[in-house]
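The structure appears below as structure tokens.
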Amino acid sequence: DGVIRFENVKFAYDPKRPILKGIGFEVPAGKTVAIVGPSGAGKSTISRLLYRFYDVQEGRITVDGQDVRDITQKSLRAAIGMVPQDTVLFNDTIAYNIRYGRTGASEEEVRKAAEMAQIGDFIKTLPEGYDSMVGERGLKLSGGEKQRVAIARTILKAPPILILDEATSALDTATEQEIQAALDFVSEGRTTLVIAHRLSTVINADEIIVLRDGEIQERGTHGELLNQR
Ligand code: ADP
Ligand code: ADP
């Protein structure tokens, strides 16, 4: 379950400037496909189209053979867990923000997800820390901390499909490695689309697609791509 297909997908934010110029690929059920390429190549646009922040202008995107435009936003987003590049959190507690992934989750499950995402200490400071941590501008967390909350939420949600859009980009190297292990754990057996900057962070992907200027330049496993160079 959870097969993703992009078929000749074309998209432009501005009609005069095509961003995706007819791309096609498949993420088989339970596999991981990584999209890598330089900044501005259109990588995040791919994830935004799958999550339907925008719709394709030509071609189509299907999940289990169904055009995403024929799936209600509610059920599409229930099936997909997205860790975006810039996480925006609700102006509420960290626990609330994590539990949002699965509102029926127990205290224990929330704590476990928080620990896996290396944000467990923050949970422990609540509720005492609540007032000082929630300000007018929302939770006072660093970018990396917010990203860890988003990761904990996704760990708890455990959806069939994952989109990891540079999910560890805001983290320092040591934290990144630990979080990567947690992400590898959640993505195991789930259909996963990883957006990454560097080839070195997606060594284990079943397929790597190199995107440049909205076109697929190369594709293959990490080993295959290295041999071509
Ligand atoms: P990547 O993730 O590979 O860095 P993006 O998919 O974020 O690339 O962006 C591809 C191109 O589309 C970039 O040139 C970017 O400036 C442009 N772009 C992204 N979002 C928008 C938007 N909302 N409106 C107009 N242009 C955008
Ligand atoms: P919900 O789980 O309530 O459906 P959304 O799907 O609206 O939440 O948002 C998921 C994440 O994507 C949030 O972190 C949100 O800030 C971010 N987001 C929302 N709209 C956009 C957009 N147009 N482009 C990129 N990211 C977005």
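Some notes on this structure:
- Taking the listed residues 98, 71, the one that is more than 13 Å from ligand 2 (Cβ to nearest atom) and either farther than 25 Å from residue 196 by Cβ or not acidic (Asp, Glu) (or both) is 71, with no other qualifying.
- Flag if residue 54 is surrounded by fewer than 22 Cβ atoms within 10 Å (Cβ to Cβ), over 20 Å from residue 210 (Cβ atoms) and within 17 Å of the chain's Cα centre (by Cα): yes
- Complete set of residues in the range 46-80 that are over 26 Å from residue 15 (Cα atoms) and among the small types (Gly, Ala, Ser): 65, 75, 78, 79
- Condition check for residue 89: of a type in the set (A, V, I, L, M), surrounded by 17 or more Cβ atoms within 10 Å (Cβ to Cβ), more than 16 Å from ligand 1 (Cβ to nearest atom) and assigned to a loop (DSSP other than H, G, I, E, B): yes
- One residue stands out in the range 139-153 among those that are within 13 Å of residue 179 (Cβ to Cβ) and away from ligand 2 (no atom under 14 Å from the Cβ): the one that is surrounded by the fewest Cβ atoms within 10 Å (Cβ to Cβ), namely 144.
- None of 27, 9 is surrounded by 21 or more Cβ atoms within 10 Å (Cβ to Cβ), under 21 Å from residue 198 (Cβ atoms) and either among the aromatic types (Phe, Trp, Tyr) or at pLDDT 95 or above (or both) except 27.
The values are calculated or read from the model by the stated rules, or taken from the named source; none is laboratory data. The structure displayed is predicted, hence computed values, not measured ones. No Cβ is skipped: glycine too gets one built from the backbone with ideal geometry, and neighbour counts run over all protein chains shown.
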